[in-house]
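Written out below as structure tokens is the structure these notes cover.
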Amino acid sequence: MKKKKQGCRSGRPARSGKAGKRNKGGGRIPSLSTFVAVLSRNAKTPSLVPWRAFGAGDPITLVLPPTMELAASSSLLFSRFSLKPSLPKATSSPVPRKSFIPRNAAETPGEGIHDEDAGKEKCTRLLQASVTLTVIASSLPASRADAKVAEKKPKQKRPAEVLSPEELRTWSHGLPTVGDRIPYTEILSLMEEGKLRHIVKLPSVNLRRRPDPVLVVLDDSRVLRTVLPTTERDARFWKSWDLLKLDSFCINAYTPPLQRPEFPSPYLGWLGKLPNFFLQFSKPKPKSKRALELENARKELAQRRKAELARAKANRVAMEKALRAQKKADERRRRQEIRRANYENSLRQAKINYLRRADMWASLARDKNVATAVGFVIFYIFYRTVVLNYRKQQKDYEDRLKIEKADAEERKRMKQMEREMAGLEGPGEDENEERGEQNPYMKMAMQFMQSGARVRRAHSKVPQYLERGVDVKFSDVAGLGNIRVELEEIVKFFTLGEMYRRRGVKIPGGILLCGPPGVGKTLLAKAVAGEAGVNFFSISASQFVEIYVGVGASRVRALYQEAKENAPSVVFIDELDAVGRERGLIKGSGGQERDATLNQLLVCLDGFEGRGDVITIAATNRPDILDPALVRPGRFDRKIYIPKPSLIGRVEILKVHARKKPMADDVDYVAVASMTDGMVGAELANIIEIAALNMMRDGRPEITTDDLLQAAQIEERGILDKKNRSQEMWKQLALNEAAMAVVAVNFPDLKNIEFVTIAPRAGRELGYVRFKMNHMKFTEGMLSGQSLLDHITVQIAPRAADEIWYGEEQLSTIWAETSDNARSAARYFVLSGLSEKYHGLSKFWVADRINDIDIEAMKLLNSCYDRAKEILRRNKELVDVTVDRLIEKKSIAKQEFFHLVEEYGHLEPMPKSILDIRKTKLLQFQEMMMTGSESAPRSLV
């Protein structure tokens with residue numbers, strides 16, 4: 001370490017830095033530390049070397065102990081002395097001691113040399129100073145001869161506590177595992193109760209941004225586990241967290257760091273430190289205070305100039321903007337003045353033109369020549385449009401009569417020849433027509449027509465009933481089941497008709513297709529024609545009837561005439577009930593026209609009986625209102641009922657309509673068919689189209705099962721209503737539907753629940769529960785008494801749930817519709833003869849009987865209501881869980897609902913079926929017969 005020296009000049013302490021400054025003679029002035037000479041290191045006590053007084057030019061040597069060091073700047077003994085080297089510039093002492101000539105600071109150098117007495121006095125004072133220095137130095141701490149500046153010792157880095165993988169494994173072995181969980185909302189309640197001690201989290205985790213597990217330490221040293229939500233998920237929780245100041249309870253978990261792996265021996269990582277090593281030599285030198293002040297002044301000046309320039313620019317821009325605005329205002333004002341002047345000129349000119357035209361028309365009106373010319377023009381126009389047109393129409397009418405007369409004579413001759421060839425006698429049809437023409441009313445009509453009067457006909461022309469290009473086959477129609485056998489037999493009537501006729505089989509002339517709307521009756525008729533390869537004539541029965549008398553009958557004749565000319569063919573009449581209603585129900589001219597049309601249809605159906613070249617297929621969904629003469633054998637020999645498709649039929653229909661759609665490979669058609677129970681083919685086709693539109697709207701390449709299920713719900717209930725509703729309203733809706741579902745799952749006929757939803761659709765605020773019920777029982781009227789009681793219990797369950805959860809004082813009307821259904825079912829139960837008191841009453845309009853029926857129905861409602869409350873109380877936990885899940889998801893599928901039932905439900909034991917009871921009774925009877933017991937029952941139930 002380099003030593004730093006200190007020196008003084010003119011009695012003042014010297015500055016730290018270099019050892020001294022050069023004097024006038026060229027020598028360097030030593031520092032004050034050079035006054036201390038070094039004795040032998042073996043000397044134990046301080047002593048003084050004997051000295052003698054020399055002349056003025058002799059040196060004086062002062063020796064001090066080697067362990068003593070005195071800083072002249074801190075001593076007052078040398079405040080009146082300054083030292084000067086006595087040796088010449090060129091000489092240097094080989095020994096480590098230096099000699100100096102002491103002198104008073106007030107004297108000049110000349111006076112110290114020539115005055116000997118003054119020199120002796122100075123020597124005496126120097127001796128006193130040396131003694132004093134020796135005494136003081138012995139009491140000071142030991143130090144070196146030269147002053148040193150203490151160096152900063154580098155701080156020793158505390159070694160990090162790291163563990164090797166084996167040590168970490170040993171350290172973590174046997175630590176307990178926290179398995180108890182609590183909801184994160186319980187932290188707030190624990191804090192309010194004062195049971196919370198700490199919340200342990202990972203050091204690098206931000207709890208508000210990412211959900212991470214934490215440990216909750218309680219006052220009783222129990223440790224629980226939970227996961228905190230993010231701020232976006234539950235902002236209310238974090239607001240309560242801040243209010244309770246729970247951040248002060250959070251502590252970080254500690255895990256000792258792992259030891260870094262040792263690098264292999266040829267390690268070149270030190271090369272990365274070379275840039276920093278070379279950069280430390282290129283660091284800029286620190287600037288002086290004056291330079292920094294100048295630099296700061298330049299920066300401030302530049303900033304002021306920049307601000308002044310920006311201010312001047314802003315003023316200039318504002319001034320230019322104001323000038324432009326002023327110019328625009330002046331230009332706008334000038335244009336407005338020009339527009340106002342033009343408008344006034346136009347008004348003035350219009351007034352002048354109006355007066356000029358008025359004068360002109362007044363002068364023309366007063367001129368007789370002009371009036372005569374206008375009269376001639378009007379007469380000419382009238383003559384061309386009325387007189388000449390009338391003559392032309394009269395000539396056309398006469399020509400048409402001549403042509404019709406010639407055609408009639410030609411047809412008469414042909415028919416007469418046919419009758420002669422057939423050997424028939426008697427008057428023909430033409431003679432009957434001639435007799436009809438002798439009717440006085442017909443004569444009047446002929447005279448009216450011959451007078452040149454114009455008869456206005458309907459604007460619509462006779463339609464072309466033949467449909468060309470019908471290429472529908474049986475492969476395009478799915479979900480038929482056994483009905484396809486009947487339709488294939490109709491095809492054989494066309495393809496193998498001669499075989500049927502040779503064997504004396506009568507081919508039916510008419511086939512009536514019955515069924516609900518949308519099952520595919522029209523499509524089946526087209527498939528029959530397309531499969532047989534014959535012509536297809538189609539018309540709606542409503543087209544037969546119009547306001548003009550005789551139009552319906554004429555269209556029926558035209559239809560069958562066209563079908564006969566293009567035989568073999570199929571005539572399809574859609575919505576037959578529009579014209580085939582029972583006759584005599586409608587009075588007046590409208591009823592007579594309908595009856596005439598129906599009579600003509602009956603005649604045409606009789607004309608093709610047994611031939612097989614023209615077969616009539618009619619479709620209706622109201623066969624009960626058709627005329628008995630229309631549906632008798634001989635006209636419509638076969639009546640085929642087309643029901644709604646079954647599960648397999650719905651799957652086939654979905655696949656047929658999905659053939660030309662981009663369907664995904666994993667589409668579950670069975671799930672979609674189960675969801676669409678009761679739907680017809682038209683609704684299933686619409687489901688495919690809705691799913692395709694949703695796919696295009698979302699920009700996806702394929703239709704998935706979710707698209708089909710969503711489209712099925714849209715088809716059944718309508719489009720989803722996304723209005724905002726309060727939490728209380730969602731809870732009431734969820735409780736209403738959850739109560740029905742929980743009660744229904746306890747009954748065998750109603751337990752097959754497809755899904756539960758509270759999502760409003762198509763303007764309906766309430767949700768619904770979809771049951772998959774037995775079609776034969778609930779549609780065909782084959783319900784048992786117990787099934788009807790179960791249905792009443794399910795319908796009245798929402799009212800019972802409302803009373804249990806909210807109390808009698810807080811009841812709502814959300815269950816009014818289902819309660820009304822329950823009352824209707826209870827009345828039906830009594831009137832059907834299923835009650836204990838009344839059996840099969842139909843005429844109940846007597847006042848006493850009405851009261852008795854209502855009393856009996858009320859007893860049933862009360863018993864079912866008590867039963868529903870009992871089931872709900874037993875399954876209260878299941879209802880709460882279902883309500884929470886519905887509020888969260890708005891819909892619950894079948895699998896999820898039954899999973900909740902298995903976990904939280906307490907179901908009633910299912911009653912035995914009739915077959916089980918019969919089997920049990922039969923086994924008991926056989927056992928009694930084998931044992932020979934005399935108590936065998938007389939009849940088998």
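From the list Ile796, Ile758, Ile792, Ile804, which residue is of a type in the set (Val, Ile, Thr), assigned by TED's automatic domain parsing to the domain that holds Thr882 and under 28 Å from the mean Cα position of the chain (by Cα)? So that I can check it myself, show each step before the final result.
On the way: Ile796 fails: under 28 Å from the mean Cα position of the chain (by Cα); Ile792 fails: under 28 Å from the mean Cα position of the chain (by Cα); Ile804 fails: under 28 Å from the mean Cα position of the chain (by Cα).
The unique qualifying residue is Ile758.
Per the listing Ala350, Ala312, Ala318, the residue uniquely surrounded by 10 or more Cβ atoms within 10 Å (Cβ to Cβ), over 60 Å from the mean Cα position of the chain (by Cα), at negative phi and of a type in the set (Gly, Ala, Ser) is Ala350.
Conditions tested, residue by residue: (1) assigned to a helix (DSSP H, G or I); (2) closer than 25 Å to Pro623 by Cβ; (3) of a type in the set (Lys, Arg).
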| position | (1), (2), (3) |
| --- | --- |
| Glu498 | yes, no, no |
| Gly504 | no, no, no |
| Ile507 | no, yes, no |
| Ile511 | no, yes, no |
| Val519 | no, yes, no |
| Ala525 | yes, yes, no |
| Ala529 | yes, yes, no |
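Within the range 760-771, identify whether any single residue is part of a loop (DSSP other than H, G, I, E, B), in contact (Cβ under 8 Å) with a residue 24 or more places away in the chain, surrounded by 18 or more Cβ atoms within 10 Å (Cβ to Cβ) and out of contact with any Cys (no Cβ under 8 Å at 6 or more places or on another chain), and answer yes or no. Yes, the range 760-771 contains a residue that is part of a loop (DSSP other than H, G, I, E, B), in contact (Cβ under 8 Å) with a residue 24 or more places away in the chain, surrounded by 18 or more Cβ atoms within 10 Å (Cβ to Cβ) and out of contact with any Cys (no Cβ under 8 Å at 6 or more places or on another chain). Of the residues making up the range 824-836, none is assigned to a helix (DSSP H, G or I), small (Gly, Ala, Ser), under 19 Å from Arg873 (Cβ atoms) and modelled with pLDDT of 75 or more.
For the range 537-556, state whether one or more residues are out of contact with any helix residue (DSSP H, G or I) (no Cβ under 8 Å at 6 or more places or on another chain), outside any helix (DSSP H, G or I) and of a type in the set (A, V, I, L, M). Yes. Look at (1) surrounded by fewer than 17 Cβ atoms within 10 Å (Cβ to Cβ); (2) at pLDDT below 85; (3) assigned to a loop (DSSP other than H, G, I, E, B) and you find that Arg635 fails only one, number (1). Examine the range 179-200 for a residue that is within 18 Å of Ala253 (Cα to Cα), in a loop (DSSP other than H, G, I, E, B) and at pLDDT below 75, and state whether such a residue exists. No, the range 179-200 has no match at all.
Determine, yes or no, whether Glu593 is at pLDDT below 80 and of a type outside the set (Val, Ile, Thr). Yes: the conditions hold for Glu593.
Pick out the one residue from Met679, Met696, Met675 that is in contact with a strand residue (DSSP E or B) (Cβ under 8 Å, 6 or more places away or on another chain) and not assigned by TED's automatic domain parsing to the domain that holds Ala478. Every option except Met675 fails the conditions.
Within the range 779-816, how many residues turn out to be small (Gly, Ala, Ser) and assigned to a helix (DSSP H, G or I)?
Start the filter on the range 779-816 by keeping residues that are small (Gly, Ala, Ser), which leaves 781, 784-785, 787, 797, 800-801, 807, 812, 816.
Still in the list and also assigned to a helix (DSSP H, G or I): 785, 787, 797, 800-801, 816.
Number of matching residues: 6.
Close contacts from the range 672-701, counting a first residue that is free of Cβ contacts under 8 Å to residues at least 40 places away in the same chain and a second that is assigned to a helix (DSSP H, G or I) and among the acidic types (Asp, Glu), with Cβ to Cβ under 7 Å and a gap of 6+ residues or different chains, come to Asn686/Glu715; Ile687/Glu715; Ile690/Glu715; Ala691/Asp707; Asn694/Asp707; Met695/Asp707. Within the range 492-516, residues that are assigned by TED's automatic domain parsing to the domain that holds Gly530 sit with their Cβ atoms under 6 Å from residues that are of a type in the set (S, T, N, Q) and surrounded by 20 or more Cβ atoms within 10 Å (Cβ to Cβ), at 6+ positions apart or across chains, in these pairs: Gly510/Thr616.
The single residue among Asn686, Asn752, Asn724 that is more than 30 Å from Glu870 (Cα to Cα) and at pLDDT below 85 turns out to be Asn724.
The values are calculated or read from the model by the stated rules, or taken from the named source; none is laboratory data. These figures come from a predicted structure and were not determined experimentally. Positions of Cβ are generated from backbone atoms using ideal geometry, with glycine treated the same way; all protein chains shown enter the neighbour counts.
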